[in-house]
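All remarks here apply to the structure that follows.
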Amino acid sequence: MDSASTTLEPVFAFLATSLSTLESGFNKLPGSAVIQRYVKSSHQDDPGRTILELILLIFAIRTLLQSRTRADRTGKHFIQFNDKEIDELVDEWVPEPLGRPLDAKEQAELSSVPITLGPNGPKPKLASTGKTATNLATFNFTGLSGNEHIKERAVETLRKYGLGSCGPPGFYGTLDVHMNLERDIADFLGTESAILYSQGFSTISSVIPAFCKRGDIIVADRGVNFAIQKGIQISRSTVRWYDHNDLKSLEDVLESVEKERRKRKGPLTRRFIVTEGIFEKDGAMADLPKLIELKVKYKFRLILDESFSFGTVGRTGRGLTELYNVPAEKVDMLVGSVAIGLCSSGGFCAGSQTVVDHQRINGPSFVFSASMPALLSVSASEGINILRSTPSILTALQENIRAARYILDRVDCITIPSHAVSPIIHIHIRPPPTSSLHPSSAAVMTPSKPSNPTSVLPRDAGTWDWDIEAEERMLQDVVDEALGQGVMITKARRLRGQEMIEARPSIRLALSSALTKKETEKAVNIVKAALVKVLAKRR
C-alpha cells in the first residue's frame, strides 16, 4: 500500500501543479471572477446542473472539433463514373421547369391580352394594328398616368436619388421623400399619421395580421378581395362572415358575437370589422356612416380598404370619408392604394400615431420589403397636390361615370352591380328568364334563413347556377369585338380555385377623367353594341 502511494505521489504532484497553474491563468482572464461566482452558486443550489453543463460543454467542444460531414472517406458506397459516363449523364439531364406549362385555356387567355406600343395612357397605340384605342381597361381614373409635370419631377428625382432604395424602411431604405409622402397622405386625409408600403397587394394583407392575432375576432364581408382574404388567413383569427354589403346581416353577426362572449363569460378580446370602401369584385360601395355607427355600438375596430375609393370619390378624391363627410379619425385603420389612386406604386395605412407606430415593427411587408423607389414617392406626392388643387378632375370623372351608366343601364341583356359613383363598372350577363316552376327560381322566391356566420358561403350560394366557363367565353368575345372597334376593355381577372368564393365572371370598365365626355360616350356605345351583338347569339 505504501509503495503504491509512493509511486502515485509524482502524478498527484503534477496534477496539483497543473490545476494551480490553470487556476492562476484563469483568474487573470477578464470576467473570470463572475464565472467563478456563477459556478459556485449554481453548484450549491443544484449540483446536478453542474454535471449537465459540463456534459454540454464537452459535447460542444467535440462537435466543433469533429469533421463537418459524415462522408465515407473510403468511397466504398459511391459509384465511380468515367469521364464518358459523366458527359452522357450531363447531356441527358433536363432541368425541371420553375412553373408548370400553360394549358390550352391559359394560353388562350394570355394570347388575348393586347400589346401596346409606347407609354400607357387614355389612348395607347396597339401593336397588332398600329392604331390608337380608347383605354377603358387600366386604372387611370384621374388621368395622372402620363401627366407631364409628374414625369418631370420623377426624372429630377431619378437623377438625384437613383432608382432603387436598396433596403427595407426600418434599416437604411427610408429616404426623406418617403417621409414626405407619409406626411402628405396623413395631411390629405386628416389623420394623425400614415405609413407607406412598397407593394399595393401586400398592404392590406400585412395590415390585418399586424393587428389581428390568434384569439381575436374578425367580422368580414363575404365579398372582400383576394388580398384581404390572404390577410385574414395569415392572422389566424376567429372569423365571422356577413352577407355582402348587407349591414343588417353585419349587425346580426356583431350581436351574435357579443351574445357568445357573454354566454362564455369571457374577457373582451380585440374585435375588428374588415370591409372595403368600393368593392373590387363588383364595384358596390359601403355605407360608411352606418359602419361607424355599428362599430361604436358594439365596440369593434374598423379596418377599411379604400384601394378603389381613395383618389376616385369625394370632391378632391379623399375617398368615402369625404364623400360621406365623416372625419377620417373615426376609421381606425384606413388603407388605400398609391398604385391605383395616385398612379404610382405601393399602398398606405392611415390612422392614429399609435396605429402607425405599431405597424413599423409588426407589419410583415413593411419590415421585410424594400422601400419603394424615390421617384415613385415623389410622383405620388405630386399626384396629391394635383388632386388637392384641381377638384375639377374628380368632377369630370363623375360626369364620365354618369354618361357611361346612362348608356349601360338601358341594355337589357346585362346587369350592373356597381354603385352609381363607382369608377369601376362591372358588367354581368343577365341570366335567361325562367318560369316560376323552375327549381332555382322557386328557391329564390322562398324566404331563406340567415347565412351561417362561420361559413364564407352566403345563404343564396345554392341558387347560383351560372356557367363560369361559358360566361367567360362570351365575355371574351365581347372584349375581342370591342377591341376590333378600337376600345380596350377587359374581363375581371380571377384566381380560380384560390379565392374563398368564386366570383361571377364580369367585364370590368375603368373610367377616366383623361377622356372627354364625348369620347367616353362613344367608347361605351361601342361596348354596348359589342354586348348586344355577342349576347344576342345565345338567344
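Table for the structure above
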read-out: Solvent-accessible ranking of Trp93, Trp241, largest area first, probe 1.4 Å; value: Trp93, Trp241
read-out: In nm, spacing of pseudo-spin labels at Gln353 and Phe14 (7 Å Cα→C-beta vector); value: 7.3
read-out: Counting DSSP beta bridges with both ends in the chain, the antiparallel % (nearest 5); value: 55
read-out: Rounded to 5, percent antiparallel among DSSP beta bridges of region 148-389; value: 40
read-out: Cleavage-rule hits (trypsin sites (Lys or Arg not before Pro)) in region 121-166: DSSP loop, at most 13 neighbouring Cβ within 10 angstrom; value: Lys131
read-out: Student exercise, region 172-264 dipole from Lys, Arg, Asp, Glu Cβ charges, in Debye to nearest 20; value: 720
read-out: Accessible area per residue, Å², the chain with all protein chains present, probe 1.4 Å; value: 55
read-out: Value of relative contact order over the chain, rounded to a whole percent, pairs C-alpha under 8 Å and six or more apart; value: 17
read-out: Kyte-Doolittle mean at least 0.5 and Cα axial length at least 18 Å: DSSP H helices in the chain; value: 47-65, 374-389
read-out: Dipole of region 110-158, positive end: most advanced residue of Phe141, Pro124, Leu158 [Cβ charges, Cα centre]; value: Pro124
read-out: Debye, to nearest 20: dipole size of the chain, +1 on Lys, Arg Cβ, -1 on Asp, Glu Cβ; value: 1360
read-out: For Ser451, distant residues with modelled amide H under 5 Å away; value: Arg459
read-out: Structure-based [θ]222 nm, the chain - -39500 (n - 2.57) summed over DSSP H runs of at least 4, per residue, nearest 500; value: -15000 deg cm²/dmol
read-out: Probe 1.4 Å - accessible area at Ile115, Å² to nearest ten; value: 110
read-out: Residues whose placed amide H lies under 5 Å from that of Thr116, excluding near-sequence neighbours; value: Ala127
read-out: Full-extension gain in nm, Ile115 to Arg262, via 0.36 nm per residue minus C-alpha separation; value: 47.1 nm
read-out: Heavy-atom accessible surface of the chain: percent carbon and sulfur, 1.4 Å; value: 58
read-out: Partner lysines for Lys248 [C-alpha distance under 18 Å; skip if fewer than 8 residues away on the same chain]; value: Lys259, Lys290, Lys295, Lys297, Lys299, Lys449
read-out: Phe300, Phe78, reordered so the largest accessible area comes first (probe 1.4 Å); value: Phe78, Phe300
read-out: (i) 32.8, 121; (ii) 31.0, 111; (iii) 35.8, 137, with the label sought being that of the calculated Rg and Dmax of the Cα atoms in Å; value: (i)
read-out: Around Pro453: net Lys/Arg minus Asp/Glu count, Cβ-Cβ under 9 Å; value: 0
read-out: With DNA, RNA and ligands ignored, accessible area of Phe226 (1.4 Å probe; Å², nearest 10); value: 30
read-out: Debye, to nearest 20: dipole size of region 148-389, +1 on Lys, Arg Cβ, -1 on Asp, Glu Cβ; value: 1080
read-out: Accessible area (Å², 1.4 Å probe, nearest 10) - Lys533; value: 110
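The values are calculated or read from the model by the stated rules, or taken from the named source; none is laboratory data. These figures come from a predicted structure and were not determined experimentally. Cβ coordinates were reconstructed from backbone atoms using ideal geometry, including for glycine residues, and neighbour counts include every protein chain displayed. Areas reflect the complete protein model, heavy atoms only, side chains present, ligands, DNA and RNA absent. Shrake-Rupley method; radii C 1.70, N 1.55, O 1.52, S 1.80 Å.
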